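**Q** Sending over a structure as C-alpha coordinates; questions will come in a sec.
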Amino acid sequence: MILEKFDLSGKVAIVTGARTGLGQGMAVGLAEAGADLVIVNHSPMPETENEIKRLGRRCLSIEVELSDIGLIPEIIEKTLNEFNKIDILVNNAGIIRRAPSVEFTEKDWDDVMNLNLKTVFFLSQAAAREMIKNNGGKIINIASMLSFQGGILVPSYAASKGGVASLTKTLANEWAAYNINVNAIAPGYMDTNNTEPIRKDEGRNKSIIERIPAARWGLPEDLKGAVVYLASEASNYVTGHILCVDGGWLAR
Ligand code: NAD
(Lines give C-alpha, C1' and ligand atoms only; values in the text may rest on other atoms or scores of the structure.)
Protein backbone atom coordinates (compact mmCIF):
# COMPACT_ATOMS: atom_id res chain seq x y z
CA MET A 1 0.00 0.00 0.00
CA ILE A 2 1.26 3.46 -0.86
CA LEU A 3 1.49 4.96 2.64
CA GLU A 4 3.69 2.04 3.72
CA LYS A 5 6.20 3.09 1.06
CA PHE A 6 6.79 6.34 2.93
CA ASP A 7 7.64 4.46 6.14
CA LEU A 8 11.31 4.77 7.09
CA SER A 9 11.30 2.31 10.01
CA GLY A 10 14.62 0.47 10.22
CA LYS A 11 16.39 2.96 7.92
CA VAL A 12 19.54 4.84 8.95
CA ALA A 13 19.83 8.46 7.84
CA ILE A 14 22.79 10.83 8.08
CA VAL A 15 21.87 14.54 8.13
CA THR A 16 24.63 17.16 8.07
CA GLY A 17 24.25 20.60 9.59
CA ALA A 18 21.50 19.37 11.91
CA ARG A 19 22.06 21.75 14.83
CA THR A 20 19.63 24.41 13.61
CA GLY A 21 17.33 25.39 10.78
CA LEU A 22 16.48 23.18 7.85
CA GLY A 23 18.83 20.35 8.85
CA GLN A 24 17.23 20.16 12.26
CA GLY A 25 13.73 20.17 10.74
CA MET A 26 14.59 17.46 8.20
CA ALA A 27 16.33 15.24 10.79
CA VAL A 28 13.23 15.41 13.00
CA GLY A 29 10.98 14.74 9.97
CA LEU A 30 12.96 11.61 9.06
CA ALA A 31 12.73 10.44 12.69
CA GLU A 32 8.97 11.06 12.67
CA ALA A 33 8.80 8.76 9.62
CA GLY A 34 10.65 6.04 11.55
CA ALA A 35 14.35 6.45 10.71
CA ASP A 36 17.26 6.29 13.14
CA LEU A 37 19.54 9.29 12.78
CA VAL A 38 23.19 10.22 12.59
CA ILE A 39 23.42 13.97 12.96
CA VAL A 40 26.63 15.78 12.01
CA ASN A 41 27.73 19.30 12.86
CA HIS A 42 30.84 21.20 13.97
CA SER A 43 29.08 22.19 17.20
CA PRO A 44 26.87 20.25 19.64
CA MET A 45 23.25 19.53 18.69
CA PRO A 46 21.46 18.81 22.01
CA GLU A 47 18.09 20.17 20.89
CA THR A 48 17.95 18.02 17.74
CA GLU A 49 19.22 14.93 19.55
CA ASN A 50 16.64 15.28 22.35
CA GLU A 51 13.78 15.71 19.90
CA ILE A 52 14.81 12.59 17.91
CA LYS A 53 15.13 10.52 21.09
CA ARG A 54 11.78 11.86 22.34
CA LEU A 55 10.27 10.34 19.19
CA GLY A 56 11.68 6.95 20.25
CA ARG A 57 14.42 6.80 17.58
CA ARG A 58 18.12 6.14 18.04
CA CYS A 59 20.40 9.12 17.47
CA LEU A 60 24.17 9.31 17.10
CA SER A 61 25.68 12.82 17.21
CA ILE A 62 28.99 13.32 15.45
CA GLU A 63 30.82 16.59 15.98
CA VAL A 64 33.20 17.29 13.09
CA GLU A 65 34.30 20.24 11.01
CA LEU A 66 32.60 19.31 7.75
CA SER A 67 34.68 21.57 5.52
CA ASP A 68 37.68 19.28 6.19
CA ILE A 69 37.17 16.30 3.89
CA GLY A 70 39.92 14.46 5.79
CA LEU A 71 37.34 13.91 8.55
CA ILE A 72 34.80 12.15 6.32
CA PRO A 73 36.14 8.64 7.10
CA GLU A 74 35.40 9.34 10.80
CA ILE A 75 31.73 10.00 9.97
CA ILE A 76 31.41 6.77 7.99
CA GLU A 77 33.28 4.68 10.57
CA LYS A 78 31.24 5.95 13.53
CA THR A 79 27.99 5.42 11.63
CA LEU A 80 28.89 1.85 10.67
CA ASN A 81 30.05 1.05 14.22
CA GLU A 82 26.70 2.18 15.59
CA PHE A 83 24.27 1.10 12.83
CA ASN A 84 26.17 -1.16 10.37
CA LYS A 85 24.78 0.60 7.29
CA ILE A 86 23.81 3.89 5.64
CA ASP A 87 20.46 4.08 3.84
CA ILE A 88 19.99 7.84 3.49
CA LEU A 89 22.35 10.83 3.30
CA VAL A 90 21.08 14.41 3.47
CA ASN A 91 23.82 16.87 2.49
CA ASN A 92 22.41 19.94 4.20
CA ALA A 93 25.26 21.82 5.94
CA GLY A 94 25.96 25.03 4.11
CA ILE A 95 27.07 28.61 4.65
CA ILE A 96 26.69 31.90 2.83
CA ARG A 97 28.96 34.97 2.62
CA ARG A 98 27.66 38.30 1.39
CA ALA A 99 29.81 41.00 -0.25
CA PRO A 100 29.98 42.86 -3.56
CA SER A 101 31.75 40.72 -6.17
CA VAL A 102 34.42 43.38 -6.78
CA GLU A 103 35.44 43.13 -3.11
CA PHE A 104 34.87 39.40 -2.58
CA THR A 105 37.83 37.62 -0.90
CA GLU A 106 39.46 34.30 -1.72
CA LYS A 107 38.56 33.11 1.80
CA ASP A 108 34.87 33.82 1.28
CA TRP A 109 35.08 31.95 -2.01
CA ASP A 110 36.95 28.92 -0.63
CA ASP A 111 35.04 28.57 2.66
CA VAL A 112 31.71 28.45 0.86
CA MET A 113 32.82 26.23 -2.04
CA ASN A 114 34.56 23.77 0.30
CA LEU A 115 31.58 23.19 2.59
CA ASN A 116 28.72 23.67 0.13
CA LEU A 117 30.17 21.72 -2.81
CA LYS A 118 33.45 19.86 -2.19
CA THR A 119 32.24 18.18 1.01
CA VAL A 120 28.90 17.34 -0.64
CA PHE A 121 30.77 15.41 -3.34
CA PHE A 122 33.24 13.59 -1.11
CA LEU A 123 30.69 12.69 1.58
CA SER A 124 28.35 11.41 -1.14
CA GLN A 125 31.19 9.35 -2.58
CA ALA A 126 32.01 7.83 0.82
CA ALA A 127 28.34 7.08 1.56
CA ALA A 128 27.74 5.67 -1.94
CA ARG A 129 30.55 3.15 -1.45
CA GLU A 130 28.63 1.77 1.54
CA MET A 131 25.25 2.02 -0.21
CA ILE A 132 26.59 -0.01 -3.14
CA LYS A 133 27.52 -2.83 -0.71
CA ASN A 134 23.99 -2.53 0.70
CA ASN A 135 22.22 -2.68 -2.73
CA GLY A 136 21.09 0.93 -2.79
CA GLY A 137 20.33 4.13 -0.96
CA LYS A 138 19.03 7.67 -1.14
CA ILE A 139 21.11 10.84 -1.35
CA ILE A 140 19.39 14.20 -0.96
CA ASN A 141 21.34 17.40 -1.53
CA ILE A 142 20.14 20.81 -0.42
CA ALA A 143 20.19 23.16 -3.39
CA SER A 144 18.64 26.66 -3.47
CA MET A 145 16.71 29.14 -5.59
CA LEU A 146 20.26 30.22 -6.51
CA SER A 147 20.72 26.89 -8.27
CA PHE A 148 18.45 28.58 -10.87
CA GLN A 149 18.93 32.31 -10.30
CA GLY A 150 21.95 34.54 -9.77
CA GLY A 151 21.17 36.12 -6.41
CA ILE A 152 22.71 39.41 -5.27
CA LEU A 153 26.09 39.85 -3.52
CA VAL A 154 26.57 36.09 -3.04
CA PRO A 155 28.90 34.92 -5.85
CA SER A 156 30.41 31.88 -4.11
CA TYR A 157 27.06 30.78 -2.70
CA ALA A 158 25.33 30.99 -6.09
CA ALA A 159 28.23 29.13 -7.76
CA SER A 160 28.17 26.44 -5.08
CA LYS A 161 24.40 25.89 -5.34
CA GLY A 162 24.52 25.84 -9.15
CA GLY A 163 27.21 23.19 -8.66
CA VAL A 164 25.01 21.21 -6.25
CA ALA A 165 22.28 21.01 -8.91
CA SER A 166 24.75 19.78 -11.57
CA LEU A 167 26.39 17.34 -9.19
CA THR A 168 22.98 15.93 -8.23
CA LYS A 169 22.28 15.13 -11.87
CA THR A 170 25.69 13.68 -12.66
CA LEU A 171 25.69 11.39 -9.60
CA ALA A 172 22.11 10.35 -10.35
CA ASN A 173 23.19 9.26 -13.85
CA GLU A 174 26.11 7.22 -12.55
CA TRP A 175 24.60 5.64 -9.48
CA ALA A 176 21.14 4.69 -10.75
CA ALA A 177 22.86 1.44 -11.78
CA TYR A 178 23.44 0.75 -8.07
CA ASN A 179 19.89 1.59 -6.97
CA ILE A 180 21.04 4.87 -5.46
CA ASN A 181 18.66 7.77 -6.03
CA VAL A 182 20.31 11.18 -5.99
CA ASN A 183 17.96 14.14 -5.78
CA ALA A 184 17.98 17.65 -4.38
CA ILE A 185 15.56 19.88 -2.54
CA ALA A 186 15.70 23.56 -3.48
CA PRO A 187 14.22 25.50 -0.58
CA GLY A 188 12.82 28.95 -1.28
CA TYR A 189 13.26 31.77 1.19
CA MET A 190 13.27 30.09 4.60
CA ASP A 191 13.26 31.58 8.08
CA THR A 192 16.63 30.36 9.49
CA ASN A 193 19.98 31.83 10.66
CA ASN A 194 21.13 31.80 7.01
CA THR A 195 18.59 34.49 6.05
CA GLU A 196 18.59 36.53 9.27
CA PRO A 197 20.41 39.54 7.74
CA ILE A 198 17.93 39.88 4.86
CA ARG A 199 14.91 39.33 7.12
CA LYS A 200 16.20 42.14 9.37
CA ASP A 201 16.50 44.49 6.39
CA GLU A 202 12.97 45.91 6.32
CA GLY A 203 13.02 46.80 2.61
CA ARG A 204 14.39 43.43 1.44
CA ASN A 205 12.10 41.52 3.81
CA LYS A 206 9.04 43.30 2.42
CA SER A 207 10.04 42.86 -1.23
CA ILE A 208 10.77 39.15 -0.73
CA ILE A 209 7.43 38.43 0.97
CA GLU A 210 5.57 40.41 -1.71
CA ARG A 211 7.20 38.24 -4.40
CA ILE A 212 6.40 34.87 -2.76
CA PRO A 213 2.97 33.65 -3.92
CA ALA A 214 2.47 31.93 -0.54
CA ALA A 215 3.20 35.37 1.03
CA ARG A 216 5.35 34.08 3.88
CA TRP A 217 8.86 32.83 4.62
CA GLY A 218 9.16 29.02 4.62
CA LEU A 219 9.84 27.11 7.83
CA PRO A 220 12.04 24.04 8.51
CA GLU A 221 8.76 22.14 9.02
CA ASP A 222 7.90 22.82 5.35
CA LEU A 223 10.71 20.51 4.16
CA LYS A 224 9.63 17.44 6.12
CA GLY A 225 7.28 16.07 3.44
CA ALA A 226 9.81 16.52 0.63
CA VAL A 227 12.71 14.92 2.49
CA VAL A 228 10.66 11.93 3.67
CA TYR A 229 9.37 11.39 0.12
CA LEU A 230 12.86 11.51 -1.43
CA ALA A 231 14.28 9.28 1.34
CA SER A 232 11.57 6.64 0.94
CA GLU A 233 10.59 3.85 -1.44
CA ALA A 234 7.76 6.09 -2.67
CA SER A 235 10.33 7.93 -4.82
CA ASN A 236 12.21 4.90 -6.20
CA TYR A 237 11.76 6.00 -9.85
CA VAL A 238 12.70 9.63 -9.13
CA THR A 239 16.36 10.49 -9.61
CA GLY A 240 18.35 13.53 -10.72
CA HIS A 241 15.41 15.77 -9.78
CA ILE A 242 15.52 19.12 -8.01
CA LEU A 243 12.36 19.50 -5.98
CA CYS A 244 11.54 23.15 -5.24
CA VAL A 245 9.83 23.84 -1.94
CA ASP A 246 9.49 27.55 -2.40
CA GLY A 247 5.92 28.75 -1.80
CA GLY A 248 5.68 29.34 -5.56
CA TRP A 249 8.74 31.64 -5.88
CA LEU A 250 10.00 30.13 -9.16
CA ALA A 251 6.56 29.93 -10.69
CA ARG A 252 6.25 33.70 -10.58
P1 NAD B 1 21.53 27.32 9.36
O2 NAD B 1 22.69 28.24 9.49
O3 NAD B 1 20.48 27.32 10.43
O4 NAD B 1 22.03 25.81 9.21
C5 NAD B 1 23.30 25.42 8.78
C6 NAD B 1 23.76 24.25 9.64
O7 NAD B 1 25.06 23.83 9.19
C8 NAD B 1 23.89 24.63 11.10
O9 NAD B 1 23.46 23.55 11.90
C10 NAD B 1 25.38 24.90 11.24
O11 NAD B 1 25.85 24.76 12.56
C12 NAD B 1 25.95 23.84 10.30
N13 NAD B 1 27.29 24.14 9.83
C14 NAD B 1 27.72 25.33 9.31
N15 NAD B 1 29.03 25.24 9.01
C16 NAD B 1 29.42 23.96 9.32
C17 NAD B 1 30.66 23.27 9.26
N18 NAD B 1 31.74 23.87 8.77
N19 NAD B 1 30.71 21.99 9.68
C20 NAD B 1 29.61 21.40 10.17
N21 NAD B 1 28.41 21.99 10.27
C22 NAD B 1 28.32 23.27 9.85
O23 NAD B 1 20.90 27.65 7.95
P24 NAD B 1 19.85 26.86 7.04
O25 NAD B 1 19.10 27.89 6.31
O26 NAD B 1 19.10 25.85 7.81
O27 NAD B 1 20.81 26.14 5.99
C28 NAD B 1 20.78 24.76 5.72
C29 NAD B 1 21.01 24.52 4.24
O30 NAD B 1 19.90 25.03 3.50
C31 NAD B 1 22.25 25.20 3.66
O32 NAD B 1 22.87 24.35 2.70
C33 NAD B 1 21.67 26.41 2.97
O34 NAD B 1 22.48 26.89 1.94
C35 NAD B 1 20.38 25.84 2.45
N36 NAD B 1 19.34 26.79 2.05
C37 NAD B 1 18.81 27.66 2.94
C38 NAD B 1 17.81 28.55 2.51
C39 NAD B 1 17.16 29.54 3.43
O40 NAD B 1 16.39 30.38 2.94
N41 NAD B 1 17.40 29.50 4.73
C42 NAD B 1 17.39 28.52 1.19
C43 NAD B 1 17.96 27.62 0.31
C44 NAD B 1 18.94 26.75 0.75
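The values are calculated or read from the model by the stated rules, or taken from the named source; none is laboratory data. On a predicted model such as this, the values are computed, not experimentally measured, just so you know. Methodologically, a virtual Cβ is constructed for each residue, glycine included, from the backbone with ideal geometry; neighbour enumeration extends over all protein chains shown. Each accessible area value is taken on the protein alone, full model and side chains, heavy atoms only, with ligands, DNA and RNA left out. Shrake-Rupley method; radii C 1.70, N 1.55, O 1.52, S 1.80 Å.
**Q** Before rounding to the nearest 500, sum -39500 (n - 2.57) across all DSSP H runs of length at least 4 in the chain and divide by the residue total; then give [θ] at 222 nm in deg cm²/dmol. Could you put the intermediate results ahead of the total?
**A** Details: 10 runs with 104 residues, N = 252.
Result for the chain: -12500 deg cm²/dmol, rounded to the nearest 500.
**Q** Still on this model: With every protein chain present, what accessible area does ARG97 have (1.4 Å probe, heavy atoms only), rounded to the nearest 10 Å²?
**A** Answer for ARG97: close to 70 Å² accessible.
**Q** In whole percent, and with a 1.4 Å probe on the protein chains, what portion of the accessible area of the chain is carbon and sulfur?
**A** Numbers: 5920 of 11730 Å².
So the carbon and sulfur contribution to the accessible surface is 50 percent.
**Q** Identify which of LYS200, LYS161, LYS118 has the largest mean-square fluctuation in a Gaussian network model of the chain, with springs joining Cα atoms closer than 10 Å.
**A** Maximum fluctuation in the GNM of the chain, among the listed residues, is at LYS200.
**Q** What distance in nm separates the two pseudo spin-label positions at ASN135 and THR105, each 7 Å out from Cα along the beta-carbon direction?
**A** Result: 5.2 nm between the two label points.
**Q** Sticking with this one: Could you report the accessible area of THR119 in Å², rounded to 10, computed with a 1.4 Å probe on the protein chains as they sit in the structure?
**A** Accessible surface of THR119 is approximately 10 Å².
**Q** Between exposed GluC sites (Glu not before Pro) in the chain, where DSSP calls loop and at most 15 other Cβ atoms lie within 10 Å, what's the longest gap? Spell out each step's value before the answer.
**A** Values: sites that count: GLU65, GLU103.
That would be 104-252.
**Q** Could you sort CYS244, CYS59 by their accessible area in this structure, using a 1.4 Å probe and putting the largest first?
**A** Working: CYS244 45, CYS59 20 Å².
These residues rank, largest area first, as CYS244, CYS59.
**Q** So which residue, out of ASN92, ASN181, ASN236, gets the largest mean-square fluctuation from a GNM of the chain using Cα contacts under 10 Å as springs?
**A** It is ASN236.
**Q** Continuing with the same structure: Name the residue, out of GLY188, GLY29, GLY70, whose mean-square fluctuation peaks in a Gaussian network model built on the chain with Cα pairs under 10 Å.
**A** Result for the chain, Cα springs under 10 Å: GLY70 fluctuates most.
**Q** Please give the per residue accessible area of the chain, computed with a probe of 1.4 Å over protein heavy atoms only, in Å². Before the final figure, lay out the partial values.
**A** Numbers: 11730 Å² over 252 residues.
Ligands and nucleic acids excluded, the result is 47 Å² per residue.
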